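Below is one structure, written out as structure tokens, with a few remarks after it.
Here, each number is a calculation from the coordinates, and none is a lab measurement. No experiment lies behind these values; they were computed from the predicted model shown. Backbone-built Cβ (ideal geometry, glycine too); neighbour counts: all protein chains shown.
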Amino acid sequence: MNNTLFSILVILGAVFLVITVIVFLLFLIKITIYTFKRNIGFPFKCSFILLSCLLFTSFHYYNLYNNLEYLPEGVINQSVPSPDGLHEITTYHLNSRKSARAEVLNINTGKSKTIYYNYYDYSPYVEWISSDTVVIGRETLNIEKDTYDYRKEQIKPSVLPKQSSYY
């Protein structure tokens, strides 16, 4: 995801959060009026809008904090091809977050996926162990099935991982 799209989605999420709060307040007012005056119908339209806004906002913020593919693109640091030449790891520095991410690219299909995201990292060291195993920073990952996301760690390391000299 490029940086402009990421910024637009964050702003859009904030706008929907504000709209959700406003609709929720209107919903509370209508429910209060409904309880005092029984002849007014139940606010189904307001309930539907509130539920839609809540679902969209929660989906947006869930992806923002739990989905590696939802990260901004960042500034490219380095690209390291695999020993067999079928894959390439590209590392990026995310200026706005003081963090780094690494993306593996399948050269044959052109598909890429983010496999590494670490906080307070600028240019993580990348070393291929085999054609499908790579060391990024302090993490050893199988590019087919492993990912590293610092946000899911219980204990956050306080030491900066090994950095490459390419930046």
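Numbers for the structure displayed
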| item | result |
| --- | --- |
| Given (i) 1.19; (ii) 1.22; (iii) 1.62, the label whose value is Rg/Rh (Cα atoms, Kirkwood Rh) derived from this model | (i) |
| Cα→Cβ-extended label distance, 7 Å offset, between Glu69 and Val10, nm | 2.1 |
| Mean Cβ count within 10 Å, highest first, over the residues of peptides 56-69, 82-95 | 82-95, 56-69 |
| In sequence order, calculated HN-Hα J values of region 87-94 (Karplus, 6.51, -1.76, 1.60; Hz; x Gly/Pro) | 10, 9, 9, 10, 9, 10, 9, 9 |
| Whole-number percent relative contact order across the chain, with pairs defined as alpha carbons under 8 Å at least 6 apart | 16 |
| Segments 119-131, 6-18 sorted - mean Cβ within 10 Å per residue, highest first | 119-131, 6-18 |
| FRET E, pair Leu51, Glu88, Förster distance 45 Å, beta-carbon r, rounded to 0.05 | 0.55 |
| Residue-by-residue Karplus 3J(HN,Hα) for region 25-32, coefficients 6.51, -1.76, 1.60, Hz, glycine and proline x | 5, 4, 4, 4, 5, 5, 5, 4 |
| Pair Glu153, Ile19: separation of 7 Å Cα→Cβ label points (nm) | 3.7 |
| Distance between modelled label sites at Phe44 and Thr109, nm, 7 Å Cα→Cβ extension | 4.6 |
| Using a Förster distance of 22 Å, the FRET efficiency for Glu127-Lys98 (Cβ separation, nearest 0.05) | 0.40 |
| Estimated FRET transfer efficiency when R0 is 22 angstrom, pair Tyr62-Ile29 (beta carbons, to 0.05) | 0.20 |
| From phi via Karplus (6.51, -1.76, 1.60), per-residue ³J(HN,Hα) for region 130-136 in Hz, x at Gly/Pro | 8, 5, 10, 10, 9, 9, 10 |
